[in-house]
Amino acid sequence: MQVEKTPLNDCLLIKPTVFEDHRGVFLETYHRKRLAEFSGIDAEFVQDNQSVSHFGVLRGLHFQHGEHAQTKIVRVIHGKVLDVVVDLRPESSTYKKTFSVILDDENLYQLYVPKGFGHGFLTLSEKSVFSYKCDNYYTPGSEGGIRYDDPELAINWNFPEEEFILSEKDKKLPFLKDISL
């Protein structure tokens with residue numbers, strides 16, 4: 001396992017060790033002790049989520065706030081996505097900065113997304129199966145979000161906006177300037 005820093009404070013790219021032979025591949029997708037050894041992270045994850053999305057589906061940017069904020073480890077089981085995070089912690093030196101990375105079923109990378117980050121992804125393959133490992137339970141009253149096209153964040157999705165497939169809920173998310181964190 002390799003753990004690499006990203007340009008955002010506390011957000012890490014996890015590159016698992018992949019064993020490949022004539023039968024296929026094997027990898028550990030999570031090993032608490034190894035992750036702690038390589039990164040200092042020792043979170044207790046309590047909930048796993050999975051979504052299936054079609055080409056062009058953009059989910060996000062979402063977050064949980066307050067006592068229900070969630071640290072996540074995200075990965076793609078099948079397909080390919082552009083994964084995007086934004087640091088929403090006002091005290092952080094990378095506040096309002098974004099980071100994006102391709103996660104797919106070939107590189108098998110995972111992204112460690114700390115509490116206080118917004119998160120979203122865009123499916124770039126015909127279909128994606130996306131997995132979220134969370135350290136806090138989902139609580140509807142603590143969910144929040146920011147529009148994918150927030151001008152202050154200026155995220156380059158590198159995809160034609162007219163081809164995005166968004167939920168009605170995501171279409172109505174506020175801009176960063178209109179929320180209090």
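Considering each of 150, 135, 83, 87 in turn, give the residue that is within 17 Å of the chain's Cα centre (by Cα), among the acidic types (Asp, Glu) and under 19 Å from residue 56 (Cα atoms). Give the derivation first.
Working: 150 fails: within 17 Å of the chain's Cα centre (by Cα); 135 fails: under 19 Å from residue 56 (Cα atoms); 87 fails: under 19 Å from residue 56 (Cα atoms).
Selected residue: 83, the only one of 150, 135, 83, 87 that is within 17 Å of the chain's Cα centre (by Cα), among the acidic types (Asp, Glu) and under 19 Å from residue 56 (Cα atoms).
Remark: pairs (first residue in the stretch 32-57, part of a loop (DSSP other than H, G, I, E, B); second residue loosely packed, with under 13 Cβ neighbours inside 10 Å and among the charged types (D, E, K, R); Cβ separation under 6 Å; 6+ apart in sequence or on different chains) = 55/126; 56/163. Residues in the stretch 58-74 that are on the phi < 0 side of the Ramachandran plot, outside any loop (DSSP other than H, G, I, E, B), touching a residue at least 60 places away in the same chain (Cβ under 8 Å) and surrounded by 14 or more Cβ atoms within 10 Å (Cβ to Cβ): 58, 59, 61, 62, 63, 64, 68, 72, 73.
Just a yes or no: is a residue in the stretch 47-60 more than 20 Å from residue 122 (Cα to Cα) and touching a Lys or Arg at 6+ places or on another chain (Cβ under 9 Å)?
Pass one, the stretch 47-60, residues more than 20 Å from residue 122 (Cα to Cα): 47.
Keeping just the survivors that are touching a Lys or Arg at 6+ places or on another chain (Cβ under 9 Å) gives 47.
Yes, the stretch 47-60 has at least one match.
Within the group 131, 125, 142, 100, which residue is in contact with a helix residue (DSSP H, G or I) (Cβ under 7 Å, 6 or more places away or on another chain) and among the small types (Gly, Ala, Ser)? Answer to the selection: 142. Looking at the stretch 77-181, the strands (runs of 3 or more DSSP E) lying wholly inside it that each contain 1 or more residues that are under 17 Å from residue 54 (Cα atoms) sit at 80-87, 98-104, 117-123, 127-134. If the condition is being surrounded by 11 or more Cβ atoms within 10 Å (Cβ to Cβ) and assigned to a loop (DSSP other than H, G, I, E, B), then the stretch 1-31 contributes 1, 6, 8, 9, 10, 11, 16, 17, 28, 29, 30, 31.
Number of residues in the stretch 80-129 that are among the aromatic types (Phe, Trp, Tyr), more than 16 Å from residue 165 (Cβ to Cβ) and touching a residue at least 12 places away in the same chain (Cβ under 8 Å): the value is 4.
Please verify whether the stretch 104-122 includes one or more residues that are small (Gly, Ala, Ser) and closer than 23 Å to residue 1 by Cα. I'd like the intermediate steps shown before the answer.
Let us first name the residues in the stretch 104-122 that are small (Gly, Ala, Ser), namely 116, 118, 120.
Cutting the leftovers down to closer than 23 Å to residue 1 by Cα gives us none.
No, the stretch 104-122 contains no residue that is small (Gly, Ala, Ser) and closer than 23 Å to residue 1 by Cα.
Against the conditions (1) at pLDDT 95 or above; (2) within 26 Å of residue 79 (Cα to Cα), residue 174 satisfies every one except (2).
The values are calculated or read from the model by the stated rules, or taken from the named source; none is laboratory data. If you're wondering where the values come from, they're calculated on a predicted model, not measured in any experiment. No Cβ is skipped: glycine too gets one built from the backbone with ideal geometry, and neighbour counts run over all protein chains shown.
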